[in-house]
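Below: the structure, in structure tokens.
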Amino acid sequence: MTPGSPLPRPAPEPAPTAEQATEDAMSNATTVSPAHSASTASTLITNIAALVTNDPSLGDGSPLGLIQDAAVAIEGDRVVWTGDQSKAPATDNRVDAAGRAVLPGFVDSHSHLVFAGDRTQEFNARMSGRAYSAGGIRTTVAATRAASDEELERNLTRYLAEALRQGTTTLETKSGYGLTVEDEARALRIAAAHTDEVTYLGAHIVPPDHADDPAAYVSLVTGEMLDACAPYARWIDVFCEKGAFDGDQARAILTAGRAKGLHPRIHANQLSYGPGVQLAVELDAASADHCTHLTAEDVDALANSRTVATLLPGAEFSTRAEWPDARRLLDAGVTVALSTDCNPGSSFTSSVPFCVALAVRDMGMTPDEAVWSATAGGAAALRRDDVGSLTPGARADLLLLNAPSHVHLAYRPGVPLVSQVWRAGERVA
């Protein structure tokens, strides 16, 4: 599956409840059929108070390329024109934004959505004083292995729909809660039916059934499991952390994946200082994710590489951990992305707007920087040039806010400001 290609529609589920039917309808809107992609109908969205294009050659010349009193023209699934609404081209249809702000759809480049079970008790205990550790993943592994394909897919589409309603139009998701050949492959097969951005994370933790022989599990992850999973994935990831996989193991896993055509990304330096960031740069990983504990050498390596530092403030919020220092990274010239890390254990949120607000409040980012990182930054973390911006040729993924400026995402935290979502030129939420 190539980036930007139409996504296949999921198969209908038997006899859904009313709640499930609503969620499924929203989830189906996240897929694009070939017929829609071939459409030549044109639409003009006008009366936009402030348009974020993420093209500094447009508008105010800032990284956001902000245009006031703007319009956007869409033909089929692509943006064909952006600019001052007084100069807008003629189109078949007109949509009045009524003085709202318009942004590119959010690009959530890090999530873990193929899972079963619930970890409410773990969260409650942690909020009562017990620190988070990688071992909590094992609870979800047991529940995921026991779940049916239908249960896993229903859960996935529920959270995809939830994310869509909040403006996410491109979403990466991982395996990592099966940790057997069969369970990892089925997780990726289910995910690949709903998004192009699928990541093989067999190296999430060493599962209990291999606790006495981690080397054998690394061999499985780089051998039989990789062979079964590679056809469904674009990326390979590893949790490089004390209690998970060390630097040598992570290098072996990512190198094996790259030999199978999967591009590396890495969970790096979340809980402690470690080799993850340096390894990400060495292997030209698309992103090093978390990046909480960084040395000066780590920051310098990121600044002189193509590797994006993906920050995941939902994890720090949900674990009361130390915040990543986004200001330090940005001032050094590092490309930064913001993502939700939506998962059942350490960051159970699908809301990019919430993460934008956290990044501004607690990580030293300006509202402009946070919005750029949640759109263009996420696209860079997925090495995509067709999403994360609203310029001619980009996919027509955008959202309308019930506010005149993108700054309201941080200014009004927790308020459901996203009023419309368009994906591939179609209004889907």
- prompt: Counting only residues 5 or more places away or on other chains, whose amide H sits under 5 Å from the amide H of H263 once H atoms are built in the peptide plane?
  reply: W235, I236
statement: Per the Kirkwood formula over distinct C-alpha pairs, the hydrodynamic radius of region 309-429 in angstrom is 14.8
message: So I have [x] 58, 56, 41; [y] 62, 44, 35; [z] 69, 53, 44, and one of them is Cα extents along the principal axes in Å calculated from this model. Which one is it?
response: [z]
message: Quick one: 3J(HN,Hα) in Hz for region 325-337, Karplus 6.51/-1.76/1.60 with θ = phi - 60°, rounded, Gly and Pro as x.
response: 9, 5, 4, 4, 5, 5, 5, 7, x, 6, 6, 10, 10
- prompt: Once region 125-194 is represented by equal point scatterers at the alpha-carbon sites, with solvent omitted, what log10 I(q)/I(0) does the Debye formula produce at q = 0.13, 0.15 Å⁻¹?
  reply: -0.47, -0.61
Cα-Cα pairs of region 151-234 separated by more than 18 Å (percent): 44
- line: For the chain, percent of DSSP beta bridges that are antiparallel (nearest 5) comes out at 45
- request: Note down the relative contact order for the chain as a percent, whole number, built from C-alpha pairs under 8 angstrom at least six residues apart.
  value: 19
query: What are the ³J(HN,Hα) values, in whole Hz, obtained from phi via the Karplus relation 6.51 cos²θ - 1.76 cosθ + 1.60 with θ = phi - 60°, for each residue of region 216-227 in sequence order, with x given for Gly and Pro?
result: 5, 5, 4, 4, 5, 4, 8, x, 4, 5, 4, 4
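Select from region 232-314 those chymotrypsin sites (Phe, Trp or Tyr not before Pro) which occupy a DSSP coil region and have at most 14 other Cβ atoms within 10 Å, ordered by residue number.
Answer in residue order: Y273.
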- prompt: Where is the GNM fluctuation largest for the chain (alpha-carbon springs, 10 angstrom cutoff): S175, S347, S42?
  reply: S42
- line: Checking H210, H267, H110 against a Gaussian network model of the chain (alpha-carbon springs below 10 Å), the top fluctuating residue turns out to be H210
field: For q = 0.15, 0.16, 0.17 Å⁻¹, Debye-computed log10 I/I(0) when each Cα of region 285-380 counts as one equal scatterer
entry: -0.49, -0.57, -0.64
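What does the charge count around T43 come to, taking other residues whose C-beta lies under 15 Å from its C-beta (Lys +1, Arg +1, Asp -1, Glu -1)? Before the final figure, lay out the partial values.
Details: positive: R78, R94, R395, R423, R427; negative: E75, D77, D92, D96, D397, E426.
That sum, taken over residues with Cβ under 15 Å, equals -1.
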- prompt: If you plug each phi of region 179-196 into the Karplus form 6.51 cos²θ - 1.76 cosθ + 1.60 with θ = phi - 60°, what whole-Hz ³J(HN,Hα) values come out, in order, with x for Gly and Pro?
  reply: 6, 10, 4, 5, 6, 5, 5, 5, 4, 6, 4, 5, 5, 5, 6, 10, 8, 6
- prompt: Given a 1.4 Å probe and every protein chain left where it sits, what share in percent of the accessible area of region 273-403 is carbon and sulfur?
  reply: 51
statement: Long-range amide H partners of W323, meaning residues 5 or more apart or on another chain whose placed amide H is closer than 5 Å, are none
query: So, in nm, how far is label N304 from label R258 when the simple model puts each one 7 Å beyond its Cα toward the Cβ?
result: 1.8
- request: Compare T307, T53, T255 in a GNM of the chain, Cα atoms joined below 10 Å, and give the one with the largest fluctuation.
  value: T255
query: Using a 1.4 Å probe, what is the accessible area per residue for the chain, in Å²?
result: 37
field: Taking region 301-378 and dividing mean pair separation by its residue count, relative contact order in percent (alpha carbons under 8 Å, at least six apart)
entry: 33
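The values are calculated or read from the model by the stated rules, or taken from the named source; none is laboratory data. Computed from a prediction, not measured in an experiment: that's the story for all the values here. Cβ sites come from the backbone with ideal geometry, for glycine too, and all protein chains shown count toward neighbours. Just so you know, the surface numbers come from the protein's heavy atoms only, side chains and all, with ligands and any DNA or RNA stripped out. Shrake-Rupley method; radii C 1.70, N 1.55, O 1.52, S 1.80 Å.
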